[in-house]
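These notes concern the structure reproduced below.
The values are calculated or read from the model by the stated rules, or taken from the named source; none is laboratory data. These numbers were taken from a predicted model, which means no experiment stands behind them. Because the Cβ atoms are built from the backbone with ideal geometry, glycine has one as well, and the counts that use them run over all protein chains shown. Side chains are part of the model used for accessible areas, which takes the heavy atoms of the whole protein and leaves out ligands, DNA and RNA. Shrake-Rupley method; radii C 1.70, N 1.55, O 1.52, S 1.80 Å.
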Amino acid sequence: MKKKIRDKFLKLREKKYFELNQKNQTFFSKQITKICKEHKVNKIGFYYPINYEVNIVSIASKIKIKNLKSYLPVVEKNNKMSFREWKLLEPFYVNRFGILEPNKKNKKTKPQLILTPLVAYDRDKNRLGYGRGFYDRFLNQMSKQKNIISVGIAFSFQKANKIPSEKHDKKLDYILTEKELIN
C-alpha cells in the first residue's frame, strides 16, 4: 500500500514541481520563524532537496532569528542519521546516495526543530518518506531523549487522503506547505 502511494506521489511531484516564488518563500520563512519563536528554537535542522522536494535551503537565509544555527543531515556508516552544523555558502559533500551534505567534521548536534522532507502527507500529520526510515528512526530516537519539533515540508498537492501508519512511523508536529500550516 505504501509503495503504491509513494510511486503515485513521486510521479506527481515530478510533474507538478515548481520553484518557490518570493511570496511562497516569505510564507514558509514567516511560518518557520513563528514556530521557532513559539518554541524558543535556536538550532534548526534543514535538508538538502532532492527529487523535486521543496527547496528549503533557498528559505534558510530568510528566517530572521538572532543566533539561529543551521544543521543538515549526514548519513553515518551505520545507516543512522546525524545533523552537522552548516553555514550559508559553505561547500557541500556528496554522500553515498548522491545527496549533498555538510562536512562530517562539522559540529554534530541535536536540533530542536527539524524541517522534514516527505513524499506525501495526510491531515493527521502522517508522513510518507522514501521508505528507508532515516527520519523516522532519528525522530523516534530523539523524542525519547528530548522534546524535538518536527515540521514536514511539502507542496500542497502532496496531500493524500490517508497515509497508512505503522508502529515505527513518527507522526509530525506540523505540516507546512506553500498554502498552509497544519498543526
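Checking ILE44, ILE56, ILE50, ILE63 one by one, the residue that is within 14 Å of the chain's Cα centre (by Cα) and more than 17 Å from GLY129 (Cα to Cα) is ILE44 and no other. Scanning the range 134-152 turns up one or more residues that are under 30 Å from LYS15 (Cα atoms), among the basic types (Lys, Arg) and open to solvent by 10 Å² or more (accessible area, probe 1.4 Å). Screening GLY133, GLY129 for residues that are without any contact (Cβ under 8 Å) to a residue 40 or more places away in the chain and at positive phi leaves exactly one candidate, GLY133. The residues listed here are LYS159, LYS171; of these, the one that is basic (Lys, Arg), under 21 Å from LEU113 (Cα atoms) and open to solvent by 70 Å² or more (accessible area, probe 1.4 Å) is LYS171. Against the condition open to solvent by less than 90 Å² (accessible area, probe 1.4 Å) and within 13 Å of the chain's Cα centre (by Cα), how does ILE114 come out, does it pass? Considered against the rule, which asks whether it is open to solvent by less than 90 Å² (accessible area, probe 1.4 Å) and within 13 Å of the chain's Cα centre (by Cα), ILE114 comes out as yes.
Among what's in the range 140-183 and is outside any loop (DSSP other than H, G, I, E, B) and charged (D, E, K, R), pick the residue that is nearest to the chain's Cα centre (by Cα). Applying the filter and picking the extreme gives LYS159. On inspection, ARG137 passes the criterion of being assigned to a helix (DSSP H, G or I) and modelled with pLDDT under 95.
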